[in-house]
Amino acid sequence: MRGNSQKILIKKGRVYSPGAGISSEIDVLIHEGIIKRIDRGIQPTGAKILDAEGCIVSPGFIDMHVHLREPGMEYKEDVGSGSRAAVSGGFTVVCCMPNTDPPIDNASVAEYVFDRGVDEGLCMVLPHGAITQGRGGKALAPMGEMGSCRAMVRGFSDDGSTVTDSEIMRRAMEYARTMDSLIISHCEDVSLTAGGQMNEGFYSTLLGLRGIPREAEEIGVFRDICLSEKTNAELHIAHVSTAETIMLLRDAKRRNSRVTCEVTPHHFTLDDSYLVTYDTNLKVNPPLRSRADVEAVLEGLADGTVDVIATDHAPHALHEKETEFDRAEFGMVGLETCLALVISVLVENGVLSLEGALEKMTLAPSRIMRLERFGYSPLIEEGAPANITVFNPDFEWVVDPQMFKSRSKNSPFAGWKVKGKVIHTIFSGRVVLENMEVKAKLE
Amino acid sequence: MSTPDPLKTGVSKTLKFDPLMHSGTRRHLLSINDLSSEDIIRLLDSARSFAEVSKRPVKKVPALRGKTIVNMFIEPSTRTRMSFELAAKRLSADVVTFTAGASSISKGESLKDTAKTIVAMGVDAVVIRHSSAGAPRLLTQWVDCSVINAGDGMHEHPTQALLDLYTMRERLGKLEGLKVAIVGDIDHSRVARSNILALNKVGASVLLVAPRSLLPAGIEEMGVEITGSIDEALQWCDVLYLLRIQLERVSESRFPSLREYTLQYGLTQTRWSRLKRKPLVMHPGPMNRGVEIASVVADEVEPVITGQVAAGVAVRMAVLYELLGGPTGVGGSD
């Protein structure tokens, strides 16, 4: 991580650091990319001042699950627009999925994406690699080579698809364990989901849309937990959406399995009754589930079954969404609404404390992704590299996708009145978002 | 844990439903749920007076003279397309019909662009048949005219339900308290969905007759009873509504074979002749003789089924008149 000679003073914010809770008003001085001092009444000699009154000063957010679409689908998003969206949402690290064209299934594509992130210089862009070559589910991709290249790939996933062949998944886990890699599983029994458009249930019947049964996810989750326990490989379950999945994970954790999981803001906020408008921005995979599933997911967040909040930021162009429901692409953007939903839905309703929610966006993903390999720290303490998000938890705003920095605007939250907004983001000791404006890279 | 209902907390969103068939804004017919029971009865009454028009030597009234209606049939259809076309013509509207094969849709134009193009030509209503559920609702966002759903995917076919209710009411003299059994592939049937909604609204009771593999999830929550036995249904019902069975459901493993379907769920000659009290048999067409209904039985009940077709024109005249004609929907002839 490159240093920066800029001197920054964050004034009068309340500092959150995992394990230490939230402080009272205090100043944070940053110099040469490092947090130099945390104290009251620091003199701003020669420093750029960032006002943080009424704000929380948090470690930068980490998103384990985004789609940046580069290479191959730059009309939806690229590393540049994705980075701008990320820092607008307070993220200093984003891990991008390999379902690009060509897919990230070898070291050269992984290094390309990683280097593009470095060039943009707004946040850390860490590519996940594909489990299988071409994401085809047939032959293993070179995890060792991807792991030892510049991008130091740790997470492997065929996200968007599932590794249907259990034998291949078993061998992938054995191999990943040897390489000290993490398997991130998109769980879906595709024979149960063919043609599916939304959660199977009363609403799919009412709307005449083909259903995607919960069991399609649960069968996949159960299989992968079994294989992880057999092989002792580290497994991370992506975008959990059903009550039964939460139970399977709760039980696995009770057995001390090496299993972690994530949920998305849309899965903890929305249920399938919203689909009555046929808004294609609500078409996601896994689909929005029933209210009972949403409640179970919230319980999983509250009791610690769910480790991580990740957005599954999935940009799509207007013409791919402004079409018949069954022809629309799956996915919604999420980087720029994540914090607001976390605060408005989880914190305001007492599902999680603010500290508890932030931990799932900072410390937990940092641990799972082992970001210390990059010299990254998810803490705010003197001597730590400065990756910081300053946000106002009480700031009320109305979501307007046209204001998003992401190239795509496919959000169903347009018009929602929400609470919580990122004001400043500091990456590697440099201000990349100041007063909600992205700061172009210094030449 | 309490449910954080976004509608009641810091997050809020107004769910936008389309304007219903009430005066004021632009009016559409997208779903039976757009109609109240009073709306349904009013439309059926209005259809009765329009039915009379079709019996005249000159089958035409000037009710919609100067109005332009586009029939947009993105999915193939014969009877519904002809029925809407005749309904429009008998109301003296100008009507243009286009089908998917002969349209810009087949050249890859999006539904949005196609719709905008059509409406730019000055159109009062679009009647749309589409294989995608929700397409008519989508259309209302893009066009500044009335939209009428003529069948969208597995979602709904509201005018079919109205003509079915019309037929039941004319034949049996009432709707409230009527016992209607719907037999067959409920899962794929927009006709079944619209009929269930409409029958519930007017106070009829609905029994679905099918193997579980042909029933969609959560259908019970729509207010129906379910049985796996057609014989039980035949003892109970006033109306036996048969749905068309398609061969491809066999390859989808919905049931083992057409032969087995006929044995379990077909209105066979044996079942029919055994009945002391015979129900009104209805079918949305086209019938598969020898599958859901024996040919002999089909011949016997044919007047009812062709009656449904005739009612279709009258009901669609009533719908078009209600949407385009004036403040109230009664009495189309002048």
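What is the set of long-range amide H partners of A:LEU288 at a cut-off below 5 Å, with H atoms built 1.01 Å from backbone N?
Hits under the 5 Å cutoff: A:ASN199.
Dividing the convex hull volume of the alpha carbon atoms of segment B:63-125 by its residue count, what do you get in Å³ per residue?
71 Å³
If R₀ is 41 angstrom, what is the calculated FRET efficiency for the pair A:ASN232 and B:ALA217, using the beta carbon separation as r and rounding to 0.05?
0.65
Mind checking segment A:114-144 for trypsin sites (Lys or Arg not before Pro) that DSSP puts in a loop (not H, G, I, E or B) and that have at most 12 other Cβ atoms within 10 Å?
Loop-located and lightly packed - A:LYS138.
Let's test this: bin the Cα-Cα distances of chain A at 10 Å from zero up to the farthest pair and state each bin's percent.
Pair shares across the bins are 5, 23, 33, 27, 10, 2, 0.
5 Å is the cut-off here: which amide hydrogens, built 1.01 Å from N in the peptide plane, fall below it relative to A:LYS7, excluding neighbours closer than 5 in sequence?
Distant-sequence amide H within range of A:LYS7: A:LYS48.
Note the full-extension length gain between B:ILE41 and B:GLN264 as 0.36 nm times their separation in residues minus their Cα-Cα distance, in nm to one decimal.
76.7 nm
Normalise the Debye intensity by I(0) for segment B:159-311, one equal point scatterer per Cα, no solvent, then take log10 at q = 0.09, 0.11, 0.20 Å⁻¹ and round to two decimals.
Treating every Cα as an identical point scatterer, log10 I(q)/I(0) equals -0.24, -0.37, -1.36.
Could you work out how far helix A:166-178 tilts from the main Cα principal axis of chain A, as a 0 to 90 degree angle to the nearest 10?
30 degrees
For segment A:365-410 and segment B:236-295, what is the separation of their C-alpha centers, rounded to whole Å?
Between the Cα centres of segment A:365-410 and segment B:236-295 lies a distance of 61 Å.
Find which of A:PHE330, A:TYR274, A:LEU352 sits farthest along the positive direction of the dipole of segment A:60-374, computed with +1 on the beta-carbon of Lys and Arg, -1 on that of Asp and Glu, about the Cα centre.
A:LEU352
Using the structure shown, select from A:LYS409/A:LYS439; A:LYS11/A:LYS417; A:LYS48/A:LYS76; B:LYS89/B:LYS278; B:LYS60/B:LYS112; A:LYS76/A:LYS421 the pairs with a Cα to Cα distance greater than 26 angstrom.
The pairs that break the limit, which is 26 Å between Cα atoms, are A:LYS11/A:LYS417; A:LYS48/A:LYS76; B:LYS89/B:LYS278; B:LYS60/B:LYS112.
Can you compute 3J(HN,Hα) from phi for each residue in segment A:332-337, using the Karplus curve 6.51 cos²θ - 1.76 cosθ + 1.60 with θ = phi - 60°, rounded to whole Hz and x for Gly and Pro?
Couplings: 9, 6, x, 4, 8, 10 Hz.
Indicate the helices, whole DSSP H runs only, in chain B that combine a mean Kyte-Doolittle hydropathy of -0.5 or more with a Cα extent along their long axis of 27 angstrom or more.
Counting only whole DSSP H runs, the qualifying helices are B:295-324.
Distance between the C-alpha centers of segment A:214-241 and segment B:83-144? Whole Å please.
47 Å
Can you sort B:LYS116, A:LYS405 from fewest to most other Cβ atoms within 10 Å of each residue's own Cβ?
B:LYS116, A:LYS405
Can you give me the long-range amide H partners of B:MET282? Hydrogens built in the peptide plane at 1.01 Å from N, cutoff under 5 Å, separation of 5 or more residues or another chain.
For B:MET282, whose amide H was placed from the backbone, the distant partners under 5 Å are B:LEU240, B:TYR241, B:LEU242.
Taking neighbour counts of Cβ atoms within 10 Å as a proxy for exposure, in what order, fewest first, do A:CYS96, A:CYS261 appear?
A:CYS261, A:CYS96
What is the order of B:THR97, A:THR178, B:THR270, fewest Cβ neighbours within 10 Å to most?
Ordered from fewest to most neighbouring Cβ atoms within 10 Å, B:THR97, A:THR178, B:THR270 come out as B:THR270, A:THR178, B:THR97.
Give me the dipole magnitude in Debye, nearest 20, for segment A:19-125 about the Cα centre, with unit charges on the beta carbon: positive for Lys and Arg, negative for Asp and Glu.
Once rounded to the nearest 20, the dipole reads 340 debye.
Report, in degrees rounded to the nearest 10, the 0 to 90 angle that the Cα long axis of helix A:243-254 makes with the longest principal axis of chain A.
70 degrees
Roughly how big is segment A:232-282's charge dipole about its Cα centre, with Cβ charges of +1 (Lys, Arg) and -1 (Asp, Glu), in debye to the nearest 20?
Roughly 420 debye for segment A:232-282.
Using only helices, what value at 222 nm comes out for the protein assembly as shown when you add -39,500 (n - 2.57) per DSSP H run of length 4 or more and divide by the total residues, to the nearest 500 deg cm²/dmol?
Value at 222 nm, helices only: -9500 deg cm²/dmol.
List the aspartates and glutamates whose alpha-carbon lies under 12 Å from that of A:LYS138, not counting same-chain residues fewer than 8 positions away?
Within the straight-line cut-off, A:LYS138 pairs with A:ASP158, A:ASP165, A:GLU167.
Treating only the Cβ of Lys, Arg, Asp and Glu as charged (+1, +1, -1, -1), what charge dipole size does chain B show about its Cα centre? Round to the nearest 20 debye.
That gives a dipole near 620 debye.
Take the alpha carbon gyration tensor of the protein assembly as shown, find the square roots of its eigenvalues, order them as a ≥ b ≥ c, and report rounded if a/c is under 1.5; if not, report prolate when a/b exceeds b/c, else oblate.
It comes out prolate by the Cα gyration axes.
Subtracting the Cα-Cα distance from 0.36 nm times the residue separation, let me have the gained length for B:GLU248 to B:GLN235 in nm, one decimal.
Additional length available on full extension: 1.7 nm.
With angles folded into 0 to 90 degrees, how steeply does helix A:107-120 sit against the dominant principal axis of chain A? Use alpha carbons for both and round to 10.
40 degrees
Kindly give Rg over Rh for chain B, based on alpha-carbon atoms, with the Kirkwood expression for the hydrodynamic radius.
0.98
For A:TRP397 and A:LYS439, FRET efficiency with R0 = 25 Å and r from the beta-carbon atoms, rounded to 0.05?
Calculated value: 0.75.
What distance in nm separates the simple spin-label points at A:GLU145 and B:SER295, each placed 7 Å from Cα in the Cβ direction?
With each label point 7 Å from Cα toward Cβ, the separation is 6.7 nm.
Kindly write out, for segment A:229-237 in residue order, the coupling ³J(HN,Hα) from the Karplus curve 6.51 cos²θ - 1.76 cosθ + 1.60 (θ = phi - 60°), rounded to whole Hz, with x marking Gly and Pro.
Once rounded to whole Hz, the list reads 5, 5, 9, 6, 7, 6, 10, 10, 8.
Assuming 0.36 nm per residue, please report the length gained on full extension of the stretch A:ASP115 to A:ARG255 beyond their Cα-Cα distance.
Between A:ASP115 and A:ARG255, full extension yields an extra 46.4 nm.
Using Cα springs under 10 Å in a Gaussian network model of chain A, which residue among A:ARG258, A:ARG154, A:ARG69 shows the largest mean-square fluctuation?
Answer for the Gaussian network model of chain A: A:ARG258.
The numbers here are math on the coordinates, done by the rules we state, and not lab data. No experiment lies behind these values; they were computed from the predicted model shown. When we count neighbours, we look across all protein chains shown, and the Cβ atoms used for this are built from the backbone with ideal geometry, even at glycine.
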